[in-house]
Each structure stands twice: as structure tokens, then as C-alpha cells.
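Worksheet for the structure shown next.
The values are calculated or read from the model by the stated rules, or taken from the named source; none is laboratory data. The structure displayed is predicted, hence computed values, not measured ones. Counting neighbours? That spans all protein chains shown, and the Cβs are built from the backbone with ideal geometry, glycine included. Accessible surface is based on the protein model in full, side chains and every heavy atom, while ligands, DNA and RNA are left aside. Shrake-Rupley method; radii C 1.70, N 1.55, O 1.52, S 1.80 Å.
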Amino acid sequence: MMEFQAVVMAAGTASRMREVTSGIPKCLLPIGNVPLIASCLNILKKAGFSEALIIVRENEKTKIQTAVEKFNMKLDFVAIPKNEDWGTGDSLRYIKDKIKSHVIILSCDIISDFSLKKMLNYHHSRSSSLTVLLVPFLKSLKDAEVPGSKKKCKFERDIIAMNSEKKLILINSEADFEETVPFKLNILEQNSEVKVHSNFMDSHVYIIRKDLVDFIIVNEHISTLKGEFLPAAVKKQFQGRKFHKPHPCDAQLGCDLNENFNLKNIAIDLTTSKCSTKTEELICFAYIDKKCFCTRVNTVVAFADINKKISKNFSLMGVEYVKSHQFLKSQVDADSVLGENCELLTKSSVKQTSMGSNCKLDEKAKITNSIIMDNVIFGKGCVIQNCIICSGVVFEDNCSLKNSIIGPDQTIQTLTKLNNEILHGSDSLMEI
């Protein structure tokens with residue numbers, strides 16, 4: 001795969017997941033008992049890649065390097081300054097001296113069984129400049145219970161327009177629009193059919209031609225790939241070769257043809273009598289995989305949801321889960337995943353739960369439908385339901401928690417009862 005370089009974006013601050021990432025880099029969040037970034041590396045390995053550039057934050061580099069040592073790949077870790085609030089475009093610009101060819105960009109939070117090799121073949125066959133992986137949005141996330149909150153999680157849709165050949169006409173977040181989606185007349189004149197979709201998710205997997213990478217590098221105003229680069233590249237297809245050169249039709253938005261479409265009726269077909277089949281030097285395509293499993297672990301609800309499914313999809317992480325534990329006087333069901341060196345005492349139980357390493361359950365402790373990170377200790381008679389417990393937490397006896405999140409390194413005192421609460425620190429208890 002010398003023609004392409006793989007770049008994994010793992011320097012995000014996980015601003016929408018701070019309840020569970022205060023003590024751990026986002027890319028190392030446990031999925032089962034495997035770090036999240038493993039799935040991304042597995043996607044690359046299955047496509048034939050043996051090396052990758054990993055962009056991380058300076059203060060997290062050593063911890064991430066140590067966590068992925070066992071993966072048989074040549075990984076070049078590049079650390080960005082820890083205090084910089086950079087987007088993905090800024091990060092790519094920072095490693096410009098290492099970019100020698102076309103690139104494949106993957107977000108570290110993707111978990112999927114899609115075939116990158118098939119996507120690369122698709123990209124080649126269409127002489128594409130930019131190819132974006134689109135997958136159906138996981139409907140299960142809309143109704144999933146969110147630990148630590150009584151509210152349903154809000155999800156932002158992507159608004160994506162394509163022609164009949166899957167050429168991208170528009171790709172933006174729903175928040176970029178108000179009630180309508182604007183189209184310019186010259187775009188409709190160049191495409192006999194345009195369909196607009198709101199049920200696909202941009203998976204943050206991009207194949208980008210080298211000249212477009214160079215465009216990102218020289219245009220320092222492009223901070224993010226998703227929010228700024230993608231719309232600019234897609235728009236450029238209908239303009240001149242140079243990005244700053246306006247198209248003659250660009251200034252003319254008002255015309256007799258209806259160019260604005262209500263988001264309530266987003267799935268539509270548009271036709272015009274003026275159709276041209278013009279070959280563009282710059283062309284952007286969507287690669288759509290409707291059959292694959294794909295999720296992005298970029299919210300607490302997505303993190304909780306994938307952990308509930310991982311026992312049946314462990315191969316997505318690129319490792320094999322071997323149930324080597326024997327707990328003769330306790331119960332662990334088939335839907336649970338336990339890490340190494342866990343200890344379960346008499347009449348304790350673990351059901352529908354992902355548990356990390358070095359955890360201990362005292363007598364009659366019961367854990368159900370939860371995520372337990374490393375080094376967590378449960379006292380006698382503790383009952384935990386639908387919770388996320390971060391590393392290093394110690395529960396004293398007879399605690400009862402439901403739908404709550406406990407931050408790292410806390411001590412929960414005897415007889416504590418919590419419901420729909422988030423415990424960030426020893427003196428911070430916040431009800432949502």
C-alpha cells in the first residue's frame with residue numbers, strides 16, 4: 001500500500017464524553033477489554049497496511065504507545081502540543097513533512113467491519129479525488145438509555161446530496177442549515193438527478209488525493225476536515241481548477257428553479273432539462289456500505305451501546321476473546337466480557353457487562369448491563385445496574401447504583417444509593 005499513507009486521528013479532546021474520559025485518552029476507552037483504537041488498526045491490517053501515522057496529544061503519547069505495543073504494525077506516533085485546540089485539518093497540516101503520497105484518514109473512534117480494500121478499489125475505479133465512507137445511522141442509538149442522564153441523547157444528522165453516480169453534490173451537518181438546503185443553479189444544470197439524504201452517517205473515513213492534501217496544508221483557515229475541507233472540496237467540483245476562482249453562476253442564487261428544499265422532506269429527486277455530462281478533474285464520491293456494521297464512539301451513549309454488543313462482535317477489535325476464567329461459586333453470563341485477573345467471590349454475578357482487568361467483586365455483589373474499567377473493587381452486597389464505572393473506583397459494602405457514571409479513583413461509601421447521577425470527583429455530585 002505504498003501509494004497510500006494511513007493517518008489515524010487520535011488527538012481529539014472528546015469534549016462530548018468528558019464524563020468517561022477524564023482519566024483516559026479517548027482512543028484507549030475500553031471496548032470489551034480492548035482499547036478503542038484497536039478497531040481502527042484492525043481495519044487497516046485487513047486492507048493490507050502494515051504501518052500508519054498516529055496523531056496523538058503530547059501528554060498522552062506514552063500511554064497510547066504502551067497500549068498498542070502488542071499490535072503487529074509499524075506505528076509512527078506524532079504528538080501535537082497538549083494545549084493546542086486543533087482540528088483535524090490543523091493536525092494534518094502539522095505532519096505535512098511526513099505526507100509523501102495520497103492519504104487515508106481514519107478517526108480513532110470508528111468500529112466497523114467495512115472493507116477498506118473495496119473502498120480503495122472503488123476510489124481507483126472512479127478516478128476519485130476524494131472518497132467518503134457513508135453508512136446508515138445506527139437506529140439503536142436513538143432509543144438507547146444514557147447512564148448519568150434522564151434525557152435522551154441528541155444526535156446531529158448529516159445532510160448529503162449525491163447524483164445518480166454517487167458523486168457528492170453537498171455534504172454538511174444539519175446545524176449548517178436552518179429550514180432549507182440551498183442548491184445553486186449551475187450544480188443542478190450539471191447533474192440530471194440529485195438525491196438528498198439525512199439517514200447516512202459520515203464515518204470520518206476519507207481517501208484524499210495528494211493535491212487535495214496540499215490544498216489543506218497551504219490553506220491555514222481550514223481547521224477541520226469534516227466541517228470545512230469536505231464542503232470546500234465538494235463545492236470546488238463545480239468551479240474552476242483554482243479553489244479561489246469563483247464560478248460565474250455562484251453569485252446568482254435567486255432563480256425560477258426551486259433551489260431550497262425543506263428538511264422535513266429531505267429524501268427527494270430533482271431533475272432539470274439542462275443536463276450536462278462534464279468530466280471534472282476534481283471529483284468527489286461517496287462510498288456507501290449499507291450492509292456493514294459501523295459506529296463511531298464519539299458520545300457516551302455510543303460508548304455504552306457498543307459495549308453491550310461487543311461480546312457478539314469481538315472480531316471487530318482485531319483480537320479473539322478467550323473465556324479463560326473459571327468462577328465456580330459465582331456467575332458470569334455469555335454476554336459479558338471480563339479482563340485478566342478478575343476475582344469474583346461467592347454468590348457474586350456479572351451479567352451483560354464489559355469489565356476490565358484486575359477487578360474484584362466481594363460476596364453477593366451483582367453487576368448488570370454496565371461498563372466497568374480496570375482496577376475497580378466492589379464490596380459485599382453491591383448492586384450496580386446500567387452504569388459506567390471508571391478505573392480505580394472502590395465501592396464499600398452494600399452500595400446501590402442505577403443509571404449512573406462514576407469518574408476515576410473515587411471511593412463510594414457504604415450504603416450509598418445513586419440513580420441517574422454523575423460523580424466527577426470526591427466532592428462533586430451532580431444530578432442531571
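Details
- Phi-based couplings in Hz for the stretch 47-55 (Karplus 6.51, -1.76, 1.60; Gly and Pro marked x): 8, x, 7, 10, 8, 7, 8, 10, 8
- With every protein chain in place, the stretch 1-81: carbon and sulfur % of accessible area (1.4 Å): 45
- Those aspartates and glutamates that a straight Cα-Cα span of less than 17 Å connects to residue 290, excepting residues fewer than 8 apart in one chain: 113, 158, 165, 202
- Per DSSP, loop trypsin sites (Lys or Arg not before Pro) in the stretch 94-125 with at most 14 further Cβ within 10 Å: 100
- 23 Å Cα-Cα threshold exceeded, pairs from 70/118; 63/309; 309/380; 166/235; 74/308: 70/118; 63/309; 309/380; 74/308
- Subset of 45/195; 312/360; 45/82; 26/360; 96/195 violating a 31 Å alpha-carbon distance limit: 45/195; 96/195
- These residues, 85, 76, go from largest to smallest accessible area, 1.4 Å probe, as 85, 76.
- Against the criterion of solvent-accessible heavy-atom surface with a 1.4 angstrom probe, 236, 46 sort, most first, into 46, 236.
- Two-site FRET efficiency, residue 210 against residue 139, from Cβ-Cβ distance with R₀ of 45 Å, rounded to 0.05: 0.75
- Prolate/oblate/rounded call for the stretch 35-153, Cα gyration tensor, a/c under 1.5 rounded: oblate
- Take the stretch 50-97 with all the other protein chains still there, run a 1.4 Å probe, and you get 57 Å² of accessible area per residue.
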